[in-house]
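Asker: Take this structure, written in structure tokens, and hold onto it; I'll ask about it next.
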Amino acid sequence: MAPSHALRCCKRALNWVPVLFINLVVGWSYYAYVVELCVYTIPNNAERISYLVIFHIFLAMFIWAYWKTIWSKPANPSKAFSLPRAEKELYEREERAEAQQEILKKVARNLPVYTRTAGGAIRYCDFCQVIKPDRCHHCSTCEMCVLKMDHHCPWVNNCVGFSNYKYFVLFLSYASLYCVVICATVVQYFIKFWTKQLPDNHAKFHILFLFFVAALFFISIMSLLGYHLWLVGKNRTTIEAFRAPFFTNGPDKNGFSLGFSRNVAEVFGDQAKYWFFPVFSSQGDGHSFVTRLVQIDPEQANSVLQQNGKGPADGEANPHVLSNNVQHTEDGSKEKMNGGQTVSVTIENEQ
């Protein structure tokens, strides 16, 4: 046990190396820009002050978004997705996979779970012992199931998912703008040092290297930012982009896409005044998602949640539990039956 614990501690410490590297680069860039460029190189006070103001604004937004991405704890499934004690004991005693699936299907009828494994089985995490909500995946690095998991990012040493995906996109955006500000304001002095219009001094190396580093980071970050903006527009995660989610009627890569404007609102919220700030404004609770195939009525979901006695504990997100007995009809609609109550669900085409 002791060697295993020591190895785990070493692994966790090593996971912070990429974050430390980023912070060291940012710290050096601050010194190179503020001291070597603005203090020792720029002769004009008005230009120096304007550069410092713009630089610090974008630096502050970049650091704010970056640290929010790092320190936002990944959201995990609520207790409503855990097996009740009786079903859990049956599941653990049962050795046949078919019988275990029947137990999971019985519990999943009262949960808003519409995705399946590639083989059509209920998605269950044996490590966390929960039925996985839609778009939820287990992260082996974080050792937990993460709601709407996108990927585990080594550069922030954290899982990017429902709780911090907006922060991650803003982090990439402000990191790109930070690099743009540096390149745009340093380029004229870079040229002067390169063509020897300015005398060689201790600032030359910092200015030349600062421009190259900012340009290289901008190119790499912009490619990643463009990809994630495309994912936001399509309402997909990185995992879903590589492997289409499976629904009861088969795989559908656009299963969660509701049209561009609604897809963007799901991540950034419906109030534009919060879009550019790393404050949480994403829609939903991370447990249930409106899809092209299944439309969930929140009021009906809440009433069924209370009837089933699956209400989350105080302070937990409401998972919008809804009966999952789906009957297909000839006109392309679905009907959900729940103890005499019928909820009609209409299939919509992607906008």
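Asker: Could you identify the single residue in Y167, Y178, Y227, Y174 that is surrounded by fewer than 20 Cβ atoms within 10 Å (Cβ to Cβ), among the aromatic types (F, W, Y) and closer than 28 Å to L14 by Cβ? Steps first, please.
Answerer: On the way: Y167 fails: surrounded by fewer than 20 Cβ atoms within 10 Å (Cβ to Cβ); Y178 fails: surrounded by fewer than 20 Cβ atoms within 10 Å (Cβ to Cβ); Y174 fails: surrounded by fewer than 20 Cβ atoms within 10 Å (Cβ to Cβ).
So the residue among Y167, Y178, Y227, Y174 that is surrounded by fewer than 20 Cβ atoms within 10 Å (Cβ to Cβ), among the aromatic types (F, W, Y) and closer than 28 Å to L14 by Cβ is Y227.
Asker: Out of the residues in region 125-149 that are part of a strand (DSSP E or B) and open to solvent by less than 40 Å² (accessible area, probe 1.4 Å), which is nearest to A244 (Cα to Cα)?
Answerer: Residues of region 125-149 that are part of a strand (DSSP E or B), as a first pass: 125, 130-131, 137-139, 144-146.
Keeping just the survivors that are open to solvent by less than 40 Å² (accessible area, probe 1.4 Å) gives 125, 130-131, 137, 139, 144-146.
Values: C125: 19, V130: 22, I131: 19, H137: 14, C139: 18, M144: 22, C145: 19, V146: 18 Å.
The residue in question is H137.
Asker: Report, ordered by the first and then the second residue, all pairs with beta carbons closer than 6 Å, sequence separation of six or more or different chains, a first member in region 187-199 that is of a type in the set (F, W, Y), and a second member that is part of a loop (DSSP other than H, G, I, E, B).
Answerer: Y189/T41
Asker: Scanning for something in a loop (DSSP other than H, G, I, E, B) and over 30 Å from V181 (Cβ atoms), does region 81-90 turn up at least one residue?
Answerer: Our first condition is that a residue be in a loop (DSSP other than H, G, I, E, B); within region 81-90, this holds for 83-84.
From the residues that got through so far, the ones that are over 30 Å from V181 (Cβ atoms) too are 83-84.
Yes, region 81-90 contains a residue that is in a loop (DSSP other than H, G, I, E, B) and over 30 Å from V181 (Cβ atoms).
Asker: Related question: Those residues that are without any contact (Cβ under 8 Å) to a residue 24 or more places away in the chain and not charged (D, E, K, R), I need them from region 72-96; list them, please.
Answerer: Filtering region 72-96 down to residues without any contact (Cβ under 8 Å) to a residue 24 or more places away in the chain leaves 84-87, 89-96.
Within region 72-96, P84, A86, L90, Y91 meet the criteria.
Asker: Also, I was wondering about something else. Identify all residues within region 64-80 that are surrounded by 17 or more Cβ atoms within 10 Å (Cβ to Cβ) and assigned to a helix (DSSP H, G or I); write none if there are none. Give the derivation first.
Answerer: Kept after step one, since they are surrounded by 17 or more Cβ atoms within 10 Å (Cβ to Cβ), are these residues of region 64-80: 64-66, 68-70, 72, 74-78, 80.
Once the filter is applied, which keeps residues that are surrounded by 17 or more Cβ atoms within 10 Å (Cβ to Cβ) and assigned to a helix (DSSP H, G or I), region 64-80 yields W64, A65, Y66, K68, T69, I70, A80.
Asker: What pairs can you find where one residue is in region 239-264 and within 16 Å of A121 (Cα to Cα), the other is surrounded by 19 or more Cβ atoms within 10 Å (Cβ to Cβ) and among the aromatic types (F, W, Y), and their Cβ atoms are less than 7 Å apart, with a gap of 6+ or different chains?
Answerer: F247/Y114; T248/Y114
Asker: Does L37 meet the test of being closer than 15 Å to T185 by Cα, assigned to a helix (DSSP H, G or I), open to solvent by 10 Å² or more (accessible area, probe 1.4 Å) and not basic (K, R)? Steps first, answer last, please.
Answerer: Working: closer than 15 Å to T185 by Cα: yes; assigned to a helix (DSSP H, G or I): yes; open to solvent by 10 Å² or more (accessible area, probe 1.4 Å): no; not basic (K, R): yes.
The answer is no for L37.
Asker: Can you find a residue that is open to solvent by 60 Å² or more (accessible area, probe 1.4 Å) and closer than 30 Å to C139 by Cα anywhere in region 232-241?
Answerer: Taking region 232-241 first, the residues open to solvent by 60 Å² or more (accessible area, probe 1.4 Å) are 234.
Checking which are closer than 30 Å to C139 by Cα leaves us with 234.
Yes: one or more hits.
Listed here are the residues, each with its yes/no results for (1) more than 19 Å from K73 (Cα to Cα); (2) touching a Ser or Thr at 6+ places or on another chain (Cβ under 6 Å); (3) at pLDDT below 95.
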| site | (1), (2), (3) |
| --- | --- |
| E92 | yes, no, yes |
| A97 | yes, no, yes |
| V160 | no, no, no |
| K166 | no, yes, no |
| V169 | no, no, no |
| A184 | yes, no, no |
| I191 | yes, no, yes |
| P199 | yes, no, yes |
| H202 | yes, no, yes |
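Asker: Return yes when G269 is of a type in the set (G, A, S), closer than 22 Å to Y66 by Cα and touching a Ser or Thr at 6+ places or on another chain (Cβ under 9 Å) and no when it is not. Show your work before the answer.
Answerer: Values: of a type in the set (G, A, S): yes; closer than 22 Å to Y66 by Cα: yes; touching a Ser or Thr at 6+ places or on another chain (Cβ under 9 Å): yes.
Against the criterion (of a type in the set (G, A, S), closer than 22 Å to Y66 by Cα and touching a Ser or Thr at 6+ places or on another chain (Cβ under 9 Å)), G269 qualifies.
Asker: Here is a check on your reading of the model: is S50 part of a helix (DSSP H, G or I), of a type in the set (G, A, S) and without any contact (Cβ under 8 Å) to a residue 40 or more places away in the chain? Before the answer, list the steps.
Answerer: On the way: part of a helix (DSSP H, G or I): yes; of a type in the set (G, A, S): yes; without any contact (Cβ under 8 Å) to a residue 40 or more places away in the chain: yes.
When the stated conditions are applied, S50 passes them.
Asker: Which of the following residues is touching a Gly at 6+ places or on another chain (Cβ under 8 Å) and not polar (S, T, N, Q): K196, K192, K148? Write out each step before concluding.
Answerer: Values: K196 fails: touching a Gly at 6+ places or on another chain (Cβ under 8 Å); K192 fails: touching a Gly at 6+ places or on another chain (Cβ under 8 Å).
That would be K148, the only listed residue that is touching a Gly at 6+ places or on another chain (Cβ under 8 Å) and not polar (S, T, N, Q).
Asker: Give all pairs with beta carbons closer than 8 Å in which a residue from region 158-179 that is within 15 Å of W230 (Cβ to Cβ) meets a residue that is surrounded by 24 or more Cβ atoms within 10 Å (Cβ to Cβ) and basic (K, R); count only pairs at least 6 apart in sequence or on separate chains.
Answerer: Y165/K148
Asker: Looking at (1) more than 19 Å from G161 (Cβ to Cβ); (2) touching a Ser or Thr at 6+ places or on another chain (Cβ under 7 Å); (3) open to solvent by less than 80 Å² (accessible area, probe 1.4 Å), which is the only condition Q101 fails?
Answerer: Going through (1) more than 19 Å from G161 (Cβ to Cβ); (2) touching a Ser or Thr at 6+ places or on another chain (Cβ under 7 Å); (3) open to solvent by less than 80 Å² (accessible area, probe 1.4 Å) one by one, Q101 breaks only (2).
Asker: Can you pull out every residue in region 153-203 that is on the phi > 0 side of the Ramachandran plot and within 14 Å of the chain's Cα centre (by Cα)? Don't jump to the end; show me each part of the working.
Answerer: Just the residues of region 153-203 that are on the phi > 0 side of the Ramachandran plot, to begin with: 157, 196.
Within region 153-203, just N157 meets the criteria.
Asker: Could you say which residue among A203, A184, A215 is over 30 Å from P245 (Cα atoms) and touching a residue at least 60 places away in the same chain (Cβ under 8 Å)?
Answerer: On the way: A184 fails: touching a residue at least 60 places away in the same chain (Cβ under 8 Å); A215 fails: touching a residue at least 60 places away in the same chain (Cβ under 8 Å).
On inspection, the qualifying residue turns out to be A203.
Asker: Looking at the structure I just gave you, is W155 open to solvent by 60 Å² or more (accessible area, probe 1.4 Å), under 30 Å from C9 (Cα atoms), in a helix (DSSP H, G or I) and among the hydrophobic types (A, V, I, L, M, F, W, C)? If you could, list the steps in order and put the result at the bottom.
Answerer: Numbers: open to solvent by 60 Å² or more (accessible area, probe 1.4 Å): yes; under 30 Å from C9 (Cα atoms): yes; in a helix (DSSP H, G or I): no; among the hydrophobic types (A, V, I, L, M, F, W, C): yes.
No: the conditions fail for W155.
Asker: Sort out which residues of region 4-43 are closer than 24 Å to T69 by Cβ and of a type in the set (S, T, N, Q), and write them in order of number.
Answerer: Within region 4-43, N15, N23, S29 meet the criteria.
Asker: Mind checking which residues of region 105-115 are surrounded by 19 or more Cβ atoms within 10 Å (Cβ to Cβ), at pLDDT 90 or above and over 21 Å from the mean Cα position of the chain (by Cα)? Can you show your working first?
Answerer: Filtering region 105-115 for residues surrounded by 19 or more Cβ atoms within 10 Å (Cβ to Cβ) gives 107-108, 110-115.
Narrowing further to those that are at pLDDT 90 or above: 107-108, 111-115.
Those that are surrounded by 19 or more Cβ atoms within 10 Å (Cβ to Cβ), at pLDDT 90 or above and over 21 Å from the mean Cα position of the chain (by Cα): V107, A108, L111.
The values are calculated or read from the model by the stated rules, or taken from the named source; none is laboratory data. This structure is a prediction, so every number in the text was calculated from the model and none was measured. Glycine also receives a Cβ, built like all others from the backbone with ideal geometry; neighbour counts cover every protein chain displayed. Please note that ligands, DNA and RNA were not included when accessible areas were found on the heavy atoms of the full protein model with its side chains. Shrake-Rupley method; radii C 1.70, N 1.55, O 1.52, S 1.80 Å.
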